[in-house]
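J.: My questions all concern the structure below.
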C-alpha cells in the first residue's frame, strides 16, 4: 500500500507548475550549460557554430516533414515551440560534437545523459504551451480517475421521460449523491467501417438515480494529434461535469468523447474520403449505438457536439452536414475548414483533387448555400489565439448569414487545453439549457 501511495504521489506531480516543473527546468538549464562548457572548453569556436547551424537545419527539416509530408500538425505552432525544439536539437548536435572530440565512453555517457535532461526540459516547455499533459501520469497514459466496467453502469432503474427542462420535471425518490462515473467502451463502426479507438463516456450522478431521467447527450471531440483520453486528462472533463452536476441536483449531460481520427497522429479531416469515413462514424454509427445502448434522450434536440481545435472544426462540420443529428454545437478554437496544410493539399489527399467533392461537405461552402433555422452554436477561442480568433469571426459571420443562431465567447489562454477547459465550462450552462436539461 505504501509503495502504491508513493507511486501515486510521483505520478501526480504537476508538469505545468509547482516544484517538479521548476526543478526539471533548472536541471535542464544546468545540463545544457554543462554541455556547452564541455564543447567550448575542448574545441574551437567554429565547432559551436557548426552545432548551431546543424541544430537550425534539423529543426527546419523536422518541422517541414511533420507539417508538409506527414501532415501531423495542421495548426500553426507558437514561435516558442520552434525555439524549444531548436534547443533540443542543439543538445543533440553538442553530444555528437563531443563524441568526435572526446571518444571516452564515460564522457559520452555523461553528455548523453545531459542531453536527455535538456530534451526533457524542452519537451515539458512545449507541453506547458499546450497544457496537453498536466501530470506525469498523463505522459504514461495512467488514468487518475477510477473507471468502472461499462456493463456495471446499466443497472436497472425506472425510466423517466416526462417534460423539459429535465431539472424542473424530474422528481427522484432520492437525490443522487457523489460524483459521476467514467467508462471506456468501443463503439462499433457498423456502417462506416472507421477504425475508431474506444470512446470515453462520462455518466453524471443522475444517470444512476431512480427514476433515471432521459439525459441529453454531448459528443466531444479532441484535437489532432490526440485521442479521446485527452478530454479526460488535459480537458479535465469529469471535474467540469461534476461541478455542474453538483449545482443541479446531480444532473448533467451524458458526455461521450468519441474518436474522430483513428490514431493519435492520423488526420482523416472528420470527412468521408480516401482518408476514412470519420463523418459517417460520428454522424451515423455513434448516434445509433448510443440510442440503442444508453438510457438517454433520443430526440435530436437533446443532442450536441463540441470539440477543441481539430475537434472544434469537426463539431462545425457535423453541425452543418448532420443538422438533424447535431442541431447544437460548440466550436472551440476550430478552423474555418478541415485542412491538412492548405486547401490544395487537403483536396488532393482526401478527394484526389476533386474540389467540388470537398465543397459539398465543407462547412463554409454549405453555409453559403443552405440555411439552418433550427440550429444553434457557440464559437469560442482563447484571447491569445490570433489564428483561431480570426477563424471564429469568419465562422460567426457565415453561420449568421445561414440563419444559424450563434454567439462568440472569448476565454483566457491561447491555443491550449486551458482555453478548451475554460470554454467548455463557460458554455456548459447555455448548452444545458439549449438541449433541455435546465431552464
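J.: Kindly establish whether residue 246 is farther than 16 Å from residue 149 by Cα, surrounded by fewer than 24 Cβ atoms within 10 Å (Cβ to Cβ) and free of Cβ contacts under 8 Å to residues at least 24 places away in the same chain.
T.: yes
J.: Residue 58: more than 25 Å from residue 387 (Cβ to Cβ) and free of Cβ contacts under 8 Å to residues at least 60 places away in the same chain, yes or no?
T.: yes
J.: Related question: Can you tell me which of 258, 246, 306 is within 15 Å of the chain's Cα centre (by Cα) and farther than 27 Å from residue 140 by Cβ?
T.: From the options 258, 246, 306, the qualifying one is 306.
J.: Then there's this: Where residues in the range 92-106 are in contact (Cβ under 8 Å) with a residue 60 or more places away in the chain and part of a helix (DSSP H, G or I), which of them is surrounded by the fewest Cβ atoms within 10 Å (Cβ to Cβ)?
T.: Here is the first cut: in the range 92-106, the ones in contact (Cβ under 8 Å) with a residue 60 or more places away in the chain are 95, 98, 101-102.
Still in the list and also part of a helix (DSSP H, G or I): 95, 98, 101.
Numbers: 95: 22, 98: 24, 101: 14.
Filtering the range 92-106 for residues that are in contact (Cβ under 8 Å) with a residue 60 or more places away in the chain and part of a helix (DSSP H, G or I), the one surrounded by the fewest Cβ atoms within 10 Å (Cβ to Cβ) comes out as 101.
J.: So how many residues does the range 148-181 have that are closer than 20 Å to residue 244 by Cβ, at pLDDT 80 or above and not in a loop (DSSP other than H, G, I, E, B)?
T.: Counting residues in the range 148-181 that are closer than 20 Å to residue 244 by Cβ, at pLDDT 80 or above and not in a loop (DSSP other than H, G, I, E, B) gives 5.
J.: Name the helices (runs of 4 or more DSSP H) wholly inside the range 266-381 in which the number of residues that are over 26 Å from residue 199 (Cα atoms) is 3 or more.
T.: Per the criteria, 343-351, 355-359, 363-369.
J.: Looking only at the range 388-419, which residues are under 14 Å from residue 335 (Cα atoms), outside any loop (DSSP other than H, G, I, E, B) and within 17 Å of the chain's Cα centre (by Cα)?
T.: 388
J.: For residue 42, only one of the following conditions fails: (1) more than 28 Å from residue 135 (Cα to Cα); (2) modelled with pLDDT of 90 or more. What is its number?
T.: Residue 42 satisfies all of (1) more than 28 Å from residue 135 (Cα to Cα); (2) modelled with pLDDT of 90 or more except (2).
J.: Just one of (1) surrounded by fewer than 22 Cβ atoms within 10 Å (Cβ to Cβ); (2) in contact with a strand residue (DSSP E or B) (Cβ under 7 Å, 6 or more places away or on another chain); (3) touching a residue at least 40 places away in the same chain (Cβ under 8 Å) trips up residue 383, so point out which.
T.: Failed condition: (3).
J.: Still on this model: Of these, 29, 53, which one is at pLDDT 95 or above, in the same structural domain as residue 112 (by the TED database) and more than 22 Å from residue 125 (Cβ to Cβ)?
T.: Going through 29, 53 in turn, the sole match is 53.
The values are calculated or read from the model by the stated rules, or taken from the named source; none is laboratory data. Quantities reported herein were computed from a predicted structural model and do not represent experimental measurements. Quick reminder, even Gly has a Cβ in these numbers, built from the backbone with ideal geometry, and neighbours come from all protein chains shown.
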